[in-house]
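So the structure is just underneath, and the comments pick up after that.
The values are calculated or read from the model by the stated rules, or taken from the named source; none is laboratory data. From a predicted model like this one, the values you see are computed outputs, not experimental measurements. Positions of Cβ are backbone-derived with ideal geometry, glycine not excepted, and every protein chain shown enters the neighbour counts.
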Amino acid sequence: MAIRVLVVEDSATVRRHLCDVLRADSGIEVVGEAGDGKLAIHLCQALRPDVVTLDMMLPVMTGLSATEFIMAHCPTPILIVSASDNRGEVFKTYEALAAGAVDVLEKPRGDEPPGEWEARFVATVELLSRIRPVTHPRARLGALGRSPIADSAPLPAPRARREVIAIGASTGGPGAVLTILRSLPPQFPLPVLLVLHINEPFGAAFAEWLDGQTGLAVSYGVDGARVDGQPGRVVMAPPDQHLLVHGGRLRLTRDPERHSCRPSVDVLFESIARECGGASAACLLTGMGRDGAAGLLEVRRAGGLTIAQDEASSVVYGMPREAVRLGAAQHVLPLEDIGPALAALAD
C-alpha cells in the first residue's frame, strides 16, 4: 500500500517541487496539498495521511500551531521541511519538535548534488511512515499511558553519591528532554551531560533555545572544561562532535561515528562508566536505532544508576527497547516520572 502524504507549504513553487519528488516514487501518494496551517489541519482530519510534511512559516495559522493541533487531535508523523538560515524559523522548528513533530529536514538550497536532497527527502518520509502515530506525549501520559512493565515506584535511596547525570535521546527527543529539564529545580547541583541526535544544520542553536525554555543554564560543551565545574548546568554535545568525560574534564572529538551517529550516546555513556563508575547516572530516551543501549549497560555494570523511557511515552521505542532487551535499564519509567527521579538523586 502506498504511503499517503499531505504536503503543507505556502510557496507554490516549493510545494510543486516537493509533490513532484514524492510522486516520482511509486510507493508514495500525495493525497493533499495545503498552503496555510488552517487548511493543513482540515485536510489532515479529512484525509488521515500517513505523513505530513510541514513548513513552519505559514499564513492564517503557523506551522507550530498546526503541529500542536494535529498532535493533540489527529496524531500523524510530521516532518518539518524548513529553512535553517532564518533564526526565528529555526526556533519555531525547535518548538514544533518539542510539540510532537518527529523530524526536521532543511529545504533544498539548490546547490546540492543532483538528486541528493530528493533521495533524502523520500527516505525520511518512508522512515516516518513506519512510526506509530500517537498523541503528543504530554497529552497521553498518566495512568492510561503507562507501560505495563514500567517501574514507576520511587527509586531506592542511592548507595553512592552521584557526581554526573548523562542523558541520550534521538527521534522525539527534543520534547522529552525539555520535559525532563523542566522537572529539575533551578538549583539542581549535579552536572547534566546531554547527547541529542538532531539533523544538521538545525542542531547549531538548540542549546541556546533550550536555555531559554528551562530554569537551568544550557550550553554546548567546551573541550577541556572540568566536569565538577558544571554543577547545575546542562552541557550538550555540539553538532557533529562526540562528547565524553576523561580525566575529570569534558572532551570533544570527531572520532568515527557510532551507529551512524556523531555525537553518539554510547560514547558519552561509556566514558562516564569508566570515569565515574557508581557515581554516575544515565538515562536513555526515545529514539530510533540502538545508540546508547550498550553504553547504558556499561554504566549499569560499573554500578551506576540506569533509566530507560517506557514504550507508552516514547515517540519511537527503539533505543530504549534495545536497552531493556540487553538488561541495561534498572528502571523503565514513563517520561513524566524521569525528571522527578533524577531530581531525587541530588537529595
Going by the structure shown, is Ala34 farther than 15 Å from Trp117 by Cβ, surrounded by fewer than 22 Cβ atoms within 10 Å (Cβ to Cβ) and in contact with a strand residue (DSSP E or B) (Cβ under 7 Å, 6 or more places away or on another chain)?
-> no
Does any residue of the stretch 305-319 turn out to be assigned to a helix (DSSP H, G or I) and farther than 21 Å from Gly278 by Cα?
-> yes
Identify, by number, the condition in (1) over 17 Å from the mean Cα position of the chain (by Cα); (2) at pLDDT 95 or above; (3) over 20 Å from Ala237 (Cα atoms); (4) of a type outside the set (D, E, K, R) that Ala343 doesn't meet.
-> (2)
Scan the stretch 210-245 for residues that are closer than 19 Å to Gly168 by Cα, assigned to a helix (DSSP H, G or I) and out of contact with any Lys or Arg (no Cβ under 8 Å at 6 or more places or on another chain) and jot them down.
-> Leu210, Asp211
Strands (runs of 3 or more DSSP E) (entirely within the stretch 1-67) containing at least 2 residues that are out of contact with any Gly (no Cβ under 9 Å at 6 or more places or on another chain) = 28-34, 51-54
Working carefully through the options Thr62, Thr67, Thr76, Thr53, find the one that is more than 25 Å from Ala123 (Cβ to Cβ), surrounded by 16 or more Cβ atoms within 10 Å (Cβ to Cβ) and of a type in the set (S, T, N, Q).
-> Thr62
Among the residues listed as Val227, Val192, the single one being within 16 Å of Cys276 (Cβ to Cβ), of a type in the set (A, V, I, L, M, F, W, C) and at pLDDT 95 or above = Val192
Taking the stretch 160-186 as the search range and keeping residues that are in a strand (DSSP E or B) and β-branched (Val, Ile, Thr), which one is nearest to the chain's Cα centre (by Cα)?
-> Ile167
When the stretch 195-217 is examined, which residues are found to be among the polar types (S, T, N, Q) and modelled with pLDDT of 90 or more?
-> Gln213
Give Gly289, Gly318, Gly304, Gly295 a once-over and let me know the one that is surrounded by 22 or more Cβ atoms within 10 Å (Cβ to Cβ) and within 21 Å of the chain's Cα centre (by Cα).
-> Gly295
In the stretch 84-122, what residues are aliphatic (A, V, I, L, M), at pLDDT below 95 and outside any loop (DSSP other than H, G, I, E, B)?
-> Val90, Ala96, Leu97, Ala98, Val104, Leu105
Any residue at all in the stretch 253-264 that is more than 25 Å from Leu333 (Cα to Cα), in a strand (DSSP E or B) and without any contact (Cβ under 8 Å) to a residue 60 or more places away in the chain?
-> yes
Within the stretch 195-242, tally of residues that are farther than 22 Å from Glu89 by Cβ and touching a residue at least 60 places away in the same chain (Cβ under 8 Å) = 3
All conditions in (1) at pLDDT below 95; (2) over 19 Å from Gln309 (Cβ atoms) are true of Gly287 except (2)
Residue check for Glu208: closer than 23 Å to Ser82 by Cα and of a type in the set (Asp, Glu) = yes
Assuming Val81 fulfils every condition listed in (1) over 16 Å from Pro108 (Cβ atoms); (2) in contact with a Phe, Trp or Tyr (Cβ under 8 Å, 6 or more places away or on another chain); (3) not in a helix (DSSP H, G or I) apart from one, which condition is it?
-> (1)
Take Gly278 and decide whether it is in contact (Cβ under 8 Å) with a residue 40 or more places away in the chain, part of a helix (DSSP H, G or I) and surrounded by fewer than 18 Cβ atoms within 10 Å (Cβ to Cβ).
-> yes
